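One structure is given below, encoded as structure tokens.
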Amino acid sequence: MTEPNCFTPGPLLAGRRAVVTGGAAGIGAAVARAFAAHGAHVLVADIEPMTQCTFDSSAGGSITRLEWDVRTACPDGLVEHRPDVLVNNVGHFVQPPHTFAANSPALWDELHEINFAHVLRLTHALLPGMTERRRGSIINLTTVEAHRAIPGHAVYSGYKAALTGFTRSLSAEIGPSGVRVNAIAPDLVETPQVPYEDIVPHEDRHLWPTWSPLCGPGQPDDVAGVALFLASDLSRFVTGGTIHVDGGTHATGGWFPRRSGGWTNRPRNP
């Protein structure tokens with residue numbers, strides 16, 4: 001049995017290689033910066049140019065970008081990077097809330113490509129290299145809505161739930177190869193898709209402490225820290241799980257702390 005190296009001082013990902021989809025901004029960019037700051041050579045796959053790539057390079061890490069629309073075939077450059085870590089970060093509502101009855105099959109197909117199909121394609125392309133090297137960590141970004149209802153986004157929620165099931169089953173299937181598979185389910189995290197600073201009126205921001213046990217909103221770096229844990233040897237005996245980065249909203253399940261003390265599941269101003 002090899003000696004555990006989880007607590008060896010130094011960068012957590014020194015010399016490793018990672019692919020992060022949708023890493024030009026928001027959560028993906030925070031993950032890329034965290035990995036690079038810990039010595040990883042990160043390849044960001046995104047259709048957008050990077051706007052947030054400053055990081056501490058003293059550990060020898062790097063960030064490069066490959067332009068890729070996840071709705072298309074995987075480019076050779078992703079396989080040639082030979083990553084030890086894959087972060088399937090891309091996902092999107094695609095449109096504002098609409099009832100399922102008002103949806104069209106064309107929308108279902110688009111949601112499928114953005115939230116599920118590309119994960120299958122990219123994981124399928126990169127997994128053989130990981131199993132050959134007998135080392136790897138696959139991290140799938142889902143959402144709290146994979147575990148609870150989100151009216152107006154039933155199809156989106158369904159595909160994110162499918163991604164959670166894929167995470168569990170794949171982890172069992174490939175565990176003996178040394179490759180781990182886990183998921184992160186964010187909620188209440190400030191991103192370009194959900195810019196709370198813009199969408200919440202200033203006069204309502206005093207209500208933020210009632211949003212979750214840890215108040216809110218969270219930041220992309222809060223998700224990046226968990227991704228760093230799952231990518232590193234700190235989580236070497238963790239697979240098939242989902243970590244909720246949500247300030248406690250999944251745990252409370254619709255209960256809200258009162259500013260005057262106690263809890264309520266019937267907010268006065270829902």
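The values are calculated or read from the model by the stated rules, or taken from the named source; none is laboratory data. A quick note: this is a predicted structure, and the numbers were derived from the prediction, not measured. Note that each Cβ is placed from the backbone with ideal geometry, even for glycine, and that neighbours are counted across all protein chains shown.
Annotations
- Counted residues, region 121-136 - those being free of Cβ contacts under 8 Å to residues at least 40 places away in the same chain and touching a Leu at 6+ places or on another chain (Cβ under 7 Å): 0
- Among the residues of region 8-24, those that are among the hydrophobic types (A, V, I, L, M, F, W, C) and either within 16 Å of residue 225 (Cβ to Cβ) or surrounded by fewer than 20 Cβ atoms within 10 Å (Cβ to Cβ) (or both) comprise 12, 13, 14, 18, 20.
- Picking from residues in region 74-107 that are closer than 21 Å to residue 133 by Cα and hydrophobic (A, V, I, L, M, F, W, C), the one that is nearest to the chain's Cα centre (by Cα) is 87.
- Of everything in region 217-247 that is in contact with an Asp or Glu (Cβ under 9 Å, 6 or more places away or on another chain) and part of a loop (DSSP other than H, G, I, E, B), the residue that is modelled with the lowest pLDDT is 217.
- Residue in region 103-120 that is in contact (Cβ under 8 Å) with a residue 40 or more places away in the chain and either of a type in the set (D, E, K, R) or in contact with a strand residue (DSSP E or B) (Cβ under 6 Å, 6 or more places away or on another chain) (or both) present: yes
- Residue within region 214-221 that is among the aliphatic types (A, V, I, L, M) and closer than 28 Å to residue 24 by Cβ present: yes
- Sub-8 Å Cβ pairs linking a first residue in region 194-221 that is without any contact (Cβ under 8 Å) to a residue 24 or more places away in the chain to a second residue that is in a helix (DSSP H, G or I) and of a type in the set (Ser, Thr, Tyr), at least 6 apart or interchain, number zero.
- Within region 44-72, if we keep just the residues that are under 21 Å from residue 160 (Cα atoms) and in contact (Cβ under 8 Å) with a residue 12 or more places away in the chain, the residue that is surrounded by the most Cβ atoms within 10 Å (Cβ to Cβ) turns out to be 45.
- For residue 151: the one exception among (1) in a helix (DSSP H, G or I); (2) touching a residue at least 24 places away in the same chain (Cβ under 8 Å): (1)
- Top-ranked residue in region 118-148 [being of a type in the set (Gly, Ala, Ser) and under 30 Å from residue 253 (Cβ atoms); ranked as surrounded by the most Cβ atoms within 10 Å (Cβ to Cβ)]: 137
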